Amino acid sequence: MSHKKITIAIDGFSSTGKSTVAKQLAKHLGYVYIDSGAMYRAVTYFAMSNGLIDENNFNVEELISKLDNVSVSFKFNKDLGFAEVYLNGINVEKEIRTLEVSNYVSKVSAIPQVRQQLVRQQHKMGEEKGIVMDGRDIGTVVFPDAELKLFMTASAETRALRRYNELKAKGENVTYQDVLQNVQERDYLDSTREDSPLYKANDAIEIDNSNMSLDEQFKTILDLVNAVLKR
Ligand code: DC
């Protein structure tokens, strides 16, 4: 295997399977995997836990003033085979995956001060390359020089069904309609916000996995990685 270490940026709408393939790649290559969405989710969970955001209001100013007290980090969990997210030293991996957090996260991630703070941390994490990071702005803003950029897509219905099945399996009481609505709202908010909206970088390779098995998807992407490593 090549000793060259590269940066792999994976962007796309929610539930396009970014994290699944990112984890597979990191494991296969011995790279670090960073789920940047988990970082935005952790800040959102912080805002919820501190009463700064709910159905009726969102105290943006106070969240910004408290950002210095928000520390998001990752710790590798050997049993799970990937790094879990910690908020101020506490494991919040489960807490950040609820539909409630998903409903507020687009608002929190639209705040420029939140993005600046998290992007600074993401740059540090990627300094030594050998990293797979997924998100919305990784190939466009965070690592514009990444050697491999992927842009994942799948229909909103396919994605909502995936997320619905995941949430159900975790025992969350949700309907498919609620999940579809959340997916569509986030697609809209994530791609129309002013700061770092989601779009495909010119040099990103688009992967539509609506009709691909996980195996097919992994093989397709691994071929792309190997082509870059051979260059
Ligand atoms: O990947 P995810 O669904 O867990 O991401 C949650 C939200 O975080 C997503 O709706 C938008 C935001 N996000 C972002 O703005 N920039 C990123 N790099 C990653 C996620």
>> Please go through the range 93-144 and give me each residue that is more than 10 Å from the ligand (Cβ to nearest atom), of a type outside the set (Val, Ile, Thr), in a loop (DSSP other than H, G, I, E, B) and open to solvent by less than 60 Å² (accessible area, probe 1.4 Å), ordered by number.
In response: Glu93, Gly126, Gly130, Phe143
> Here is a list of conditions, (1) open to solvent by less than 70 Å² (accessible area, probe 1.4 Å); (2) on the phi < 0 side of the Ramachandran plot, and Ile90 meets all of them except one; can you say which number that is?
Replying inline: (1)
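Applying the selection to the range 150-165, what residues are open to solvent by 10 Å² or more (accessible area, probe 1.4 Å) and touching a Lys or Arg at 6+ places or on another chain (Cβ under 9 Å)?
Phe151, Thr153, Ala154
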>> Any residue in the range 96-113 that is within 20 Å of Asn173 (Cβ to Cβ) sitting within a Cβ distance under 9 Å of a residue that is in a loop (DSSP other than H, G, I, E, B) and near the ligand (Cβ under 8 Å from one of its atoms)? List the pairs, counting only those 6 or more apart or interchain.
In response: Ser102/Ser14
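Listed here are the residues, each with its yes/no results for (1) surrounded by 11 or more Cβ atoms within 10 Å (Cβ to Cβ); (2) more than 16 Å from the ligand (Cβ to nearest atom); (3) of a type in the set (Asp, Glu).
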residue: Leu180; (1), (2), (3): yes, no, no
residue: Arg193; (1), (2), (3): yes, no, no
residue: Asn202; (1), (2), (3): no, yes, no
residue: Asn211; (1), (2), (3): no, yes, no
residue: Glu216; (1), (2), (3): yes, yes, yes
residue: Arg231; (1), (2), (3): no, yes, no
>> Kindly evaluate Leu80 against the criterion of being of a type outside the set (Lys, Arg), under 24 Å from Gly30 (Cβ atoms) and away from the ligand (no atom under 14 Å from the Cβ).
In response: yes
> Which residues, taken from the range 78-92, are in contact with a Phe, Trp or Tyr (Cβ under 9 Å, 6 or more places away or on another chain) and assigned to a loop (DSSP other than H, G, I, E, B)?
Replying inline: Asn88, Val92
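Can we say Tyr31 is of a type in the set (Ser, Thr, Tyr), touching a Ser or Thr at 6+ places or on another chain (Cβ under 6 Å) and touching a residue at least 24 places away in the same chain (Cβ under 8 Å)?
Values: of a type in the set (Ser, Thr, Tyr): yes; touching a Ser or Thr at 6+ places or on another chain (Cβ under 6 Å): no; touching a residue at least 24 places away in the same chain (Cβ under 8 Å): yes.
Here the answer is no, as Tyr31 does not meet what is asked.
The values are calculated or read from the model by the stated rules, or taken from the named source; none is laboratory data. This is a predicted model, so every value here is computed, not measured. Methodologically, a virtual Cβ is constructed for each residue, glycine included, from the backbone with ideal geometry; neighbour enumeration extends over all protein chains shown. When the accessible area is computed, the model is the full protein with side chains, heavy atoms only, and any ligands, DNA or RNA have been set aside. Shrake-Rupley method; radii C 1.70, N 1.55, O 1.52, S 1.80 Å.
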